[in-house]
Each structure stands twice: as C-alpha cells, then as structure tokens.
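Here's the structure we're looking at; comments come further down.
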Amino acid sequence: MASSPPALEILVREPDGFTVWSGPPYPPGTTSPPQRLAKTACSATSFSADGVRLLATVASASATVYDCRTLAVIKCFELPGLLAAALSPTGAYLQTFQKSSSPQEKNVTVWHVDTAAGLYQHYQKSMSKATWPMIQFSADESVACRMMPNEIQFFDPKYFTKGILCRIRMPGIAAMQLATAPGSHVAGFVPEAKGVPASVQIFSCNKDAQNQAIARRSFFRCSTVQLHWNKGSTGLLVLAQADVDKTNQSYYGETKLNYLTTDRAFEGIVPLKKDGPVHDVQWSSSGSEFAVVYGFMPAKTTIFNKKCNPLLELGEGPYNTIRWNPKGRFIVLAGFGNLPGDMAFWDYSEKKLVAKTKAECSVTSEWSPDGRHFMTATTAPRLQIDNGIKIFDHNGSLQFKKMFERLYQADWKHEAPERFSDIADLTTSLSSLKIEETKKPAQGSKSAQTSSKVPVSTAPKPTAYRPPHAKGTAEVQDKLFGGLAPSGGEMSKNALRNKKRREKQKEKKAAEASDSPADES
C-alpha cells in the first residue's frame, strides 16, 4: 500500500519570533491557518534541504535544531558570539560561525547534531553571503568540501576528525559550487587579473581523477559569477557579471550566460535572441531543460534543452523572475522588484499559457513541494509596508492572503517532489474550465478576468483608427503590462474619467440629433 503524501507546511517569521503553519488547501474564508508550533523567539530560521530538520538561531547566543515531524527540540547549542549557522542537507551536521578575537581562536565549527560533538574546527577571518556556508555538502552528504586561498579542500563527512583528505589547486579562486545531486563534480571561479581572462573550471570529486580540469571556460569583462548545476550534475550554467557595461546600454553592468557540460559536449555562450541583461535562469527538476529570462524590457523567455538548443519561446513581457515547479509541469514568469508584479502561469507539458495575474511588491516567491501552490511574500527589511503572504493555485487563482504589520520570512517546508502524486487530473479540470468559459463568459467573474484565451466564437469588436506610431506604442504597452491593465485589470482613474466624458458627449449628440427636425422626403 502506497504511503500518503506528506502535509504541506509553511514557516512564518515575524519580529517576535517564528511559527509553523499547516499548509494549504485551506477552507474558504480562512484568515489564520492552524499553527503547529507556538511562536518562538529567534533571529533566523531555515529548513534542512530534505525538510527533516529545522534550525532556529538567536544572534550571539544559541542555535536550536528541531525535528520537523514532531517539532520537538533535538539539540540546543549555546554559542556566544554566534554570527551564522547552517544545517547540512539531511540535518546531520550543523555548521556555525562565531566572533573571534585572534587567529588562534578557531571560530568555524562543524557539529554532529545528535551527539552535539564538535567534529572539525578552523579559523576564518570573515564571512559573506557568497561564501557561507563555508563547507558545502552533496545532497546525500557523501562529499564535503570548502574553498580556501588558492585551493579546494575535501573532507569525508563520516570522518571529519581525519581532517583534509585531498586538495585541488586553483590559484586565485574566488568562488566555488559543489554539484549536489550527485556530488560528482565541483566548479571553481578565478576572476580576471593582470590581463589574464576570468575562468570557470570543472573538476571531478573523485580524488583519483582531480589532476586535470574536465571542462573550462574563459571570458573577459567578468567580476562575479553565479554557478547553477543541474540535477544529475552533468551541466553547469555560469552567469558572468561585470560591474560596468562597456557598451553603455545598461546602468547595472553587463551579464553573459555560459554553459559547460561535464562530457565537454558544449562549452560556450548560451545563444540568446535579444540584447540586454540576463534577469534569471533556472533548471527544471529533471535537469534536462533550463529556462532563461533575458533582454531589455519587455524581457524575453526561452527554454533550452541540455544540448543548449531552444525548445520553446514563452514570449515577451515585464518579467525578471522564473519559477519552475518541482514536478516540472508548471512555470511562473513574474516581474518583481522594480517591476509592477505581473505573473504569467504556463503549463509546460501543454505548451500553453494558463492565466495571468498580479502580486505587487513581492520580495520572495516559490512553488510548494507538491507543485500545486505558488506563494509570494512581501517582507521586511526590503519593504516596510504592505507586508503579507499570497498563495495562488497552479492556474493563477488567488487561494489565500494574509497581511502582517511586519513579516521577515515565509518559506515552504522542503519535501522531495517524488513523495507527491503527479497532477494528472489538472489537464482535464483546466480543459473543462476553458470550455465552460467559452460557452458562458461570466461578466465580472474572476475566471473571466484572468482567462488568457479569447473564445473562438467571439467576434472581434471594431476598433478605432490608430496611426502607425500609436499602434507600436500600444503593442509595447501590452507587453510591458503582460496583457493586463496596470491595476490588475481595472481602469485607471484618468481612463475611467475619459470614458465617462466620451459617453456623456455621445448622449448629448444623440439627444441633439433626436431634437432636430427630420428630413422631409
């Protein structure tokens, strides 16, 4: 008998602490979801990658690890001067960074959570978001490595006390990313220096095959990189960023997307069809395709296969964010940050647009582990007002909304997507919904407003003449607003006022025409 899928849960952190909610679906009218844990004081929280354990830290004081099944405390570590902490993918190890007064005082520690034993320590002068956690683990925790000056060092997680097992020399290394599923390869980045181009190199994690790079890509005009491994650890996307755009087309600098494969089948730039920055890139859950949002606004979105050939174009719009659901079926394109919050929901298996909607001022966004719900959150300190959570269904309909005076974090509890059933019945329900709308387009209904498909039987209305330059402007406006009015489908005040004025003028002319004497025959 197949086991039932796990229940969805959401971690919510406010100024006075964090709690864990039971996840959707919620009954209609729900304003406060059931809480699985009473609000607990903390300064930061995070789940282990497999969702089995939860870490809550109090700055300069302690780190507490919870069992996510029971939300009981497994271990509490008292750590004076604590600055950062992170769980390994399965939650077996805790890594902490504390203040240190001298190099003799080792301030980075790897703890065994169950026994609270310190397995390994070293001194680290400083820590940044790009270099934390210091030690990276593969998903199954069979491989662990860290970046140090001019080299990558490897450990055996089962025997941390043995220290460093082997090293890969990389003079000038500034960033590193271990492939996690599986932990078969590691990539290192060396910035441009003294006329020598920047480079990204891929090495095997097998200590008997680490003498030579498996793949390498060099490029100029690059100060930092983002490294994205696929599932299967066969392909690496390298988003190279330069602080200055020498063409003076972008204030935010220049970006180039490179792609390398561990079998050397491809080493080069991803062929993008529009000039401008690369806004976002994400691999599918299978690791066989990746999606890129790129170009000057309105941005373009293209999906490529792992041979770097384009598979599907998702058009243009005011988007800078892409979120592929964990089951690989649905994709959300969104325009967050300095964009108005338009969202487009796509069914990738059917290659069609499902719906368009909005989530203004969103700071974070992510699919639920089962791939059926999409959550956006407006959080502090990025935004100090209108903090809140919105949860949408896979078809873009808003299912739940809750506002907060101040919200710091909202995260789904991680779960393996394989533990949830596929959404096989959704195609039927979506098809029946569209057929029903075609027969009976309900005026003013939410489904009618968000429908992205015009019924075939509807005759197009005659439109007023527009000069050629106005037609182009209208087309650009439509792309920039994702086919929606700026305020979520409603007219602006000026447009409404102009419409009323035109209607009054028509009524006045009609009245004058009826009062004038009719022509005699």
- Query: Quick check: is even one residue across region 125-135 open to solvent by 40 Å² or more (accessible area, probe 1.4 Å) and over 28 Å from the mean Cα position of the chain (by Cα)?
  - Reply: yes
- Message: Is it the case, given these coordinates, that Ser184 is open to solvent by 20 Å² or more (accessible area, probe 1.4 Å), at pLDDT below 95 and out of contact with any Phe, Trp or Tyr (no Cβ under 6 Å at 6 or more places or on another chain)?
- Response: yes
- Message: Suppose we filter region 85-122 for residues that are touching a residue at least 12 places away in the same chain (Cβ under 8 Å) and assigned to a strand (DSSP E or B); how many remain?
- Response: 18
- Task: Restrict the check to region 302-313 and report whether at least one residue is in contact (Cβ under 8 Å) with a residue 12 or more places away in the chain, within 27 Å of Thr379 (Cβ to Cβ) and not small (Gly, Ala, Ser).
- Result: no
- Here are some residues: Lys402, Lys390. Which one is among the charged types (D, E, K, R) and touching a Phe, Trp or Tyr at 6+ places or on another chain (Cβ under 9 Å)? Lys390
- Just checking, how many residues over region 85-110 are open to solvent by 50 Å² or more (accessible area, probe 1.4 Å) and either of a type outside the set (Ser, Thr, Tyr) or at positive phi (or both)? 5
- in contact (Cβ under 8 Å) with a residue 60 or more places away in the chain and hydrophobic (A, V, I, L, M, F, W, C) - does that describe any residue in region 196-204? yes
- Item | Matching residues, region 172-181, being open to solvent by less than 50 Å² (accessible area, probe 1.4 Å), closer than 10 Å to Ser138 by Cα and not in a strand (DSSP E or B) | Ala179, Ala181
- Can you tell me which residues in region 52-71 are closer than 20 Å to Asp370 by Cα and either of a type in the set (Asp, Glu) or part of a loop (DSSP other than H, G, I, E, B) (or both)? Val52, Cys68, Arg69
- Message: Please go through region 200-238 and give me each residue that is farther than 17 Å from Gly268 by Cα and part of a loop (DSSP other than H, G, I, E, B), ordered by number.
- Response: Cys205, Asn206, Gln210, Asn211, Gln212, Ser223, Lys231, Gly232, Ser233
- Query: Quick check: is even one residue across region 72-84 among the β-branched types (Val, Ile, Thr), outside any loop (DSSP other than H, G, I, E, B), crowded, with 20+ Cβ neighbours inside 10 Å and on the phi < 0 side of the Ramachandran plot?
  - Reply: no
- For Val190, the lone unmet condition from (1) at pLDDT 90 or above; (2) closer than 24 Å to Asn309 by Cα is (2)
- Item | Of the criteria (1) more than 25 Å from Pro149 (Cα to Cα); (2) at pLDDT 90 or above, which one Gln249 fails | (2)
- Residue list for region 290-306, restricted to those being of a type in the set (Val, Ile, Thr) and surrounded by fewer than 23 Cβ atoms within 10 Å (Cβ to Cβ): Thr302, Ile303
- Task: Can you work out which of the residues in region 314-362 that are touching a His at 6+ places or on another chain (Cβ under 9 Å) and without any contact (Cβ under 8 Å) to a residue 60 or more places away in the chain is farthest from Gly396 (Cα to Cα)?
- Result: Asn320
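The values are calculated or read from the model by the stated rules, or taken from the named source; none is laboratory data. Everything quoted here is computed from the prediction, not taken from an experiment. Cβ atoms come from the backbone with ideal geometry, glycine included; neighbour counts cover every protein chain shown. Remember, those area values only see protein heavy atoms, side chains included, never the ligands or the DNA or RNA. Shrake-Rupley method; radii C 1.70, N 1.55, O 1.52, S 1.80 Å.
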